[in-house]
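Starting off with a structure, shown below.
The values are calculated or read from the model by the stated rules, or taken from the named source; none is laboratory data. As the structure is a prediction and not an experimental result, all values here were calculated from the model. Here the Cβ positions follow ideal geometry from the backbone for every residue, glycine too, while neighbour counts run over all protein chains shown.
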Amino acid sequence: MNLILIAPPAAGKGTLANDIHEKYGNICISAGELLRGVDPETEIGKMIRDLQSRRELVNDELVNKLIEERLSCDDIKNGFILDGYPRHMPQVDLIEETLEKLNLNVDYAVVLNVDYEVALKRTLGRKICPKCKKSYNELTDVNNPKVSGLCDDCNEVLVSRNDDNEETFKKGFDLYYEISTPVIEYYKSIGKLIEIDANRNAEDVFADVELKVFK
Ligand SMILES: [Zn+2]
């Protein structure tokens, strides 16, 4: 089963990708991780590091090249998940070409729908222990620390991430809808879209995905 996962910030995409990987063995392929992990000694690595050192955006062609290299590895034969890629239409065109070239097929594009208020709450409530890096959430029903503001394991005072504020969140959320809506429409038009209500907890979201995707 080969999947594309599309979701706004704080929809639970990472958790879902991990749950699918654990149970079904699909390999998660994230453009962000590939960019961070690129070997700086390779030709493509040099190009990417050069762009990054000038604080320029890595263009879609280079990102797609990394995805293509990853999709060429043998371990994806039992299924893959493209995590947050393609994000916008130019990437859809590139990945379609790549898939055709590699003789691969995407079964479904799974989109996680989450309300603004729910996603905002998840983001603003996010806390992390500076010592053991365990993460918590003080504004949702799950993942609360036993004592408010303190790590269960080491009693350290929990901290927020600097970029977890409403302004940054709103920017990311709005950008997602602007650029991803045509992508979602595209997969709908070719009959591959599966919509999941991601306002629910991770277990319910995973159960729904199993029902609709892995039935
Ligand atoms: Zn801790």
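Quick one: would you say N105 is of a type in the set (S, T, N, Q), more than 19 Å from the chain's Cα centre (by Cα) and modelled with pLDDT under 95?
Judged against the criteria, N105 is not a match.
A further question on this structure: In segment 142-157, which residue that is more than 9 Å from the ligand (Cβ to nearest atom) and exposed (fewer than 12 other Cβ atoms within 10 Å of the Cβ) is farthest from A202 (Cα to Cα)?
Ranking the candidates gives V157 first.
What number of residues within segment 47-103 satisfy the criterion of being under 13 Å from A31 (Cβ atoms), in contact (Cβ under 8 Å) with a residue 24 or more places away in the chain and of a type in the set (K, R)?
The number of residues fulfilling the criteria is 2.
Taking segment 159-194 as the region of interest, how many residues are more than 20 Å from Q91 (Cβ to Cβ) and touching a residue at least 60 places away in the same chain (Cβ under 8 Å)?
1
Another question, then. Looking at L139, L102, L112, which one is touching a Leu at 6+ places or on another chain (Cβ under 8 Å), away from the ligand (no atom under 14 Å from the Cβ) and farther than 29 Å from K188 by Cα? Full working, then the answer.
Working: L102 fails: farther than 29 Å from K188 by Cα; L112 fails: farther than 29 Å from K188 by Cα.
Every option except L139 fails the conditions.
Still on this structure, please answer the following. Please pick out the residue among R87, R70, R36, R49 that is among the charged types (D, E, K, R), in a helix (DSSP H, G or I) and in contact with a helix residue (DSSP H, G or I) (Cβ under 9 Å, 6 or more places away or on another chain).
R70
Kindly indicate whether K121 is assigned to a helix (DSSP H, G or I), away from the ligand (no atom under 16 Å from the Cβ), at pLDDT below 95 and not hydroxyl-bearing (S, T, Y).
Yes: the conditions hold for K121.
Scan segment 72-125 for residues that are polar (S, T, N, Q) and under 30 Å from V142 (Cα atoms) and jot them down.
If the condition is that a residue be polar (S, T, N, Q) and under 30 Å from V142 (Cα atoms), then N113, T123 are the ones that fit.
Quick test of your reading of the structure: K134 fulfils all but one of (1) exposed (fewer than 13 other Cβ atoms within 10 Å of the Cβ); (2) over 30 Å from H88 (Cβ atoms); (3) basic (K, R). Name the failing condition by number.
(1)
Can you tell me which residue among R161, R200, R126 is surrounded by 12 or more Cβ atoms within 10 Å (Cβ to Cβ) and away from the ligand (no atom under 16 Å from the Cβ)?
On the way: R161 fails: away from the ligand (no atom under 16 Å from the Cβ); R126 fails: away from the ligand (no atom under 16 Å from the Cβ).
Step by step, each of R161, R200, R126 is checked, and only R200 is surrounded by 12 or more Cβ atoms within 10 Å (Cβ to Cβ) and away from the ligand (no atom under 16 Å from the Cβ).
Look through K171, K131 and report the one residue that is over 22 Å from T15 (Cβ atoms) and within 12 Å of the ligand (Cβ to nearest atom).
Going through K171, K131 in turn, the sole match is K131.
Let me ask you something else. Are any of the residues in segment 177-200 under 16 Å from P8 (Cβ atoms), among the hydrophobic types (A, V, I, L, M, F, W, C) and assigned to a loop (DSSP other than H, G, I, E, B)?
The answer is yes, given that some residue of segment 177-200 is under 16 Å from P8 (Cβ atoms), among the hydrophobic types (A, V, I, L, M, F, W, C) and assigned to a loop (DSSP other than H, G, I, E, B).
With V157, V205 as the choices, which residue is aliphatic (A, V, I, L, M), at pLDDT 95 or above and over 17 Å from the mean Cα position of the chain (by Cα)?
V157
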